[in-house]
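What follows is a short report on a single structure.
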Amino acid sequence: MALPDLTDEQRKDALKKAAEARQKRAALRAQIKAGDVTFAVVMSRSDDPIVARMKVSTLLESLPGYGKAKAAKIMEELEISGSRRVQGLGARQREALMERLG
């Protein structure tokens, strides 16, 4: 699918919107890392576009005490693709994550 032709103003607005979304995701990751927000709370907000578009691996790596190795191990054990986003989780995958971490 070809990208739409955008005016300079539309492109500027899109870049601004994308930057704001990245900042909000970074703030959420910081809250998770600090323990201010639990995994269960984040998963309950999966309809929020900021949470929905976050990669599952990034979410797991944000948990206190978890890094790339632990996150990769959990995702492999639960058969979750490394590119999967929160909104793309199946019901069984979501349930398995909640049992493990929720």
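The values are calculated or read from the model by the stated rules, or taken from the named source; none is laboratory data. Values in this document were obtained by computation on a predicted structure and should not be read as measured data. When we count neighbours, we look across all protein chains shown, and the Cβ atoms used for this are built from the backbone with ideal geometry, even at glycine.
Worth a mention:
- Residue 87 falls short of the stated requirement of being over 12 Å from the mean Cα position of the chain (by Cα) and either touching a residue at least 12 places away in the same chain (Cβ under 8 Å) or within 22 Å of residue 20 (Cα to Cα) (or both).
- Among residues that are at pLDDT below 95 and hydrophobic (A, V, I, L, M, F, W, C), residue 26 is not included.
- Scan of segment 1-53 for residues that are assigned to a helix (DSSP H, G or I), among the charged types (D, E, K, R) and over 16 Å from the mean Cα position of the chain (by Cα), ordered by number: 8, 9, 11, 12, 13, 16, 17
Residue-by-condition table, conditions (1) closer than 17 Å to residue 35 by Cα; (2) at pLDDT below 95; (3) surrounded by 15 or more Cβ atoms within 10 Å (Cβ to Cβ); (4) touching a Lys or Arg at 6+ places or on another chain (Cβ under 9 Å):
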| position | (1), (2), (3), (4) |
| --- | --- |
| 65 | yes, yes, no, no |
| 77 | no, yes, no, yes |
| 81 | no, yes, no, no |
| 89 | no, yes, yes, no |
| 92 | no, yes, no, no |
| 96 | no, yes, yes, no |
| 99 | no, yes, no, no |
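- Enumeration of residues in segment 62-73 that are free of Cβ contacts under 8 Å to residues at least 24 places away in the same chain and either among the small types (Gly, Ala, Ser) or in contact with a Gly (Cβ under 6 Å, 6 or more places away or on another chain) (or both): 65, 67, 69, 71, 72
- Subset of segment 20-54 [surrounded by 18 or more Cβ atoms within 10 Å (Cβ to Cβ), without any contact (Cβ under 8 Å) to a residue 60 or more places away in the chain and either within 18 Å of residue 90 (Cβ to Cβ) or hydroxyl-bearing (Ser, Thr, Tyr) (or both)]: 42, 51, 54
- Of note, residue 71 satisfies the criterion of being outside any loop (DSSP other than H, G, I, E, B) and either in contact with an Asp or Glu (Cβ under 6 Å, 6 or more places away or on another chain) or at pLDDT 95 or above (or both).
- Of all the criteria given as (1) in a helix (DSSP H, G or I); (2) more than 13 Å from the chain's Cα centre (by Cα); (3) among the small types (Gly, Ala, Ser), the one not satisfied by residue 57 is (2).
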